[in-house]
Structure formats: C-alpha cells, structure tokens
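Inspection log for the structure reproduced underneath, given as structure tokens.
The values are calculated or read from the model by the stated rules, or taken from the named source; none is laboratory data. Note that the structure is a prediction, hence the values are computed from the model and not measured. So basically every Cβ, Gly included, is an ideal-geometry build from the backbone, and we count neighbours across all protein chains shown.
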Amino acid sequence: MRLAGKTAIVTGGGGGFGEGIAKRFIEEGAKVAVVDLRGDAAERVAGGLGGEAIALQADVGAAADVARVVKETTARLGTPGILVNNAGTTHKNKPLLDVGEDEFDRMFRVNVKSIYLFVREVAPVMRENGGGVILNVGSTAGIRPRPGLTWYNATKGAVNLVSKSLGVELAPWKIRVNCISPVMGETGLLEDFMGVPDTPENRAKFITTIPLGRMSRPSDIANAALFLASDEAEFITGVDFPVDGGRTV
C-alpha cells in the first residue's frame, strides 16, 4: 500500500482522469475526497470507492468552496497530505478570435485560479503537518500546443510553469509540487479538443501525431500520479512529467 495512511483531495474527480486517480489512490490505501462541480458525479465515484472516500460538491474557482473542501476533508478524513489539482475545462477547438471573453475567463478561473486557491488553503496545513505533495494536471498543450486551442493552451502553459515555481518555493516546507502533462485523452472533453465529431476516423487523425499510437487513458494518468504522490518520488519536485506516448518529443 504505497499511500497507506494518507488523505488526498482530487478535484475534477467526478470523471475522466480525476476518477482514475481517485480509484488508484484508494487501491493504494489512501483516503480520498472526490471533489467536483457536479455533485451527482462526485457521489457516483465516491460511492463506488467504499468508506474511505467522500464526495464534495464544489466550484474550484470560488474561494469559499475551496476553504470548505479543505476544512471538511480534514474533519472527515484527516489532514490532507496530497492535493491533486485536476479540475479543468476548455473551449471548443476554433480560431482564437472566435473565443468569447466569457469562455476565456471561465478557463482561467477553472484551470489556473483554482490552483492558486487550493495552494493558499492547503500549503499552510501541509507545512504544519510536516510536508505534503501537490500534483497539478497540466497538458502537452502547454508544451507543444495545437492550433485552434490558443487560449486553452495558455492556461496549461501557466499550470506547467507555476508547478515548477511552486516546487522551488514550497520546498523549504517539505511540500513537493509536480505537474503531469497528459496528451489528448479519452475523456468527456475529447470532442471539444478535436473540434470535430468524435468518430473513429477523426480520432485516427489525431492518433497519428502520437508515436505510441493511442490517446491517453485515465489509468495512464493515475499511475503517474501514484508514483509522484508516493514516497518513491520523495526527491522529485518541480518536474513537468509528460504522459503523452511521445507526443512532445
């Protein structure tokens, strides 16, 4: 049990990568707060994970909600030693001048501001408890961007870079911070990323850009998160870890 005795918060845990991470963490002995804007989705995932998981409905871009999540997680599961900032959103693949201001603001609120809010709440708690681990889910879009997703790419570039900066600044508190950068995955956002209907033919076009010949899966991201959250990675911080089948090579 590589995470035995540890409590984790996983945002965007109601599906996709977040669900995969929550399940993997439970398998390895962690207690997990499954956080999602969709309360029913969080309940579905947590309900399938047994008594060591709780569901928390929250808007990760709202300071009051974030503070409540940390407080309730601590009260019900114990002091969080692992935070996974996985919640994310995108705009539909389209020309950059067609992206509305509301779409731009929503992406930065969910993809970037949420990290600021959670770090602000969790870092002091981890410091008082002797340290911890923060994992931010970035994207290959922040390393090797695709056209049609310029403003989404910008948010993930911010996530990738802030993870490095946090890794340096929080190191004296024994808080490790790393970033996981998945390539396009089999999640609910896939069709928006592609900008075309999700058909086998359209998937095949995108898969040709990935050397290992497939999209990422929740299990791929979960396994990377498990390693980086575990004591096996105790000397790793400030790393941007692509899980991309060779896409960014």
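Summary table
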read-out	value
Number of the condition not met by Arg176 [criteria: (1) among the charged types (D, E, K, R); (2) touching a Gly at 6+ places or on another chain (Cβ under 8 Å); (3) modelled with pLDDT under 95]	(3)
Residues of the stretch 130-141 that turn out to be in contact (Cβ under 8 Å) with a residue 60 or more places away in the chain and not β-branched (Val, Ile, Thr), as a count	2
Qualifying residue in the stretch 84-101 (condition: of a type in the set (A, V, I, L, M), surrounded by fewer than 21 Cβ atoms within 10 Å (Cβ to Cβ) and in contact (Cβ under 8 Å) with a residue 24 or more places away in the chain)	yes
Near pairs, Cβ below 7 angstrom, 6+ apart or cross-chain, from the stretch 65-81 (free of Cβ contacts under 8 Å to residues at least 40 places away in the same chain) to any residue that is assigned to a loop (DSSP other than H, G, I, E, B)	Asp65/Ala58; Asp65/Asp59; Arg68/Ala58
Positions within the stretch 223-249 being of a type in the set (D, E, K, R), exposed (fewer than 13 other Cβ atoms within 10 Å of the Cβ) and not in a helix (DSSP H, G or I), in sequence order	Glu234
From the options Val162, Val243, Val168, residue that is touching a Phe, Trp or Tyr at 6+ places or on another chain (Cβ under 9 Å) and on the phi < 0 side of the Ramachandran plot	Val162
Output for the stretch 101-145, where each listed residue is assigned to a strand (DSSP E or B) and either touching a Cys at 6+ places or on another chain (Cβ under 9 Å) or of a type in the set (Val, Ile, Thr) (or both)	Val133, Ile134, Leu135, Asn136, Val137
Residues of the stretch 208-222 satisfying the condition of being of a type outside the set (A, V, I, L, M, F, W, C) and either part of a loop (DSSP other than H, G, I, E, B) or farther than 12 Å from Pro182 by Cα (or both)	Thr208, Thr209, Pro211, Gly213, Arg214, Arg217
Segments classed as strands (runs of 3 or more DSSP E), wholly inside the stretch 1-100, with at least 1 members that are of a type outside the set (A, V, I, L, M, F, W, C) and more than 24 Å from Glu234 (Cα to Cα)	31-36, 53-57
The lone exception for Met194 - which of (1) out of contact with any strand residue (DSSP E or B) (no Cβ under 8 Å at 6 or more places or on another chain); (2) modelled with pLDDT of 95 or more; (3) buried (at least 16 other Cβ atoms within 10 Å of the Cβ) it fails	(2)
Tabulated pairs, the stretch 223-238, first free of Cβ contacts under 8 Å to residues at least 40 places away in the same chain, second surrounded by fewer than 17 Cβ atoms within 10 Å (Cβ to Cβ) and among the basic types (Lys, Arg), C-beta under 9 angstrom, 6+ apart or interchain	Phe227/Arg2
Residues within the stretch 19-57 that are in contact with a strand residue (DSSP E or B) (Cβ under 6 Å, 6 or more places away or on another chain) and more than 26 Å from Asp220 (Cβ to Cβ), tallied	1
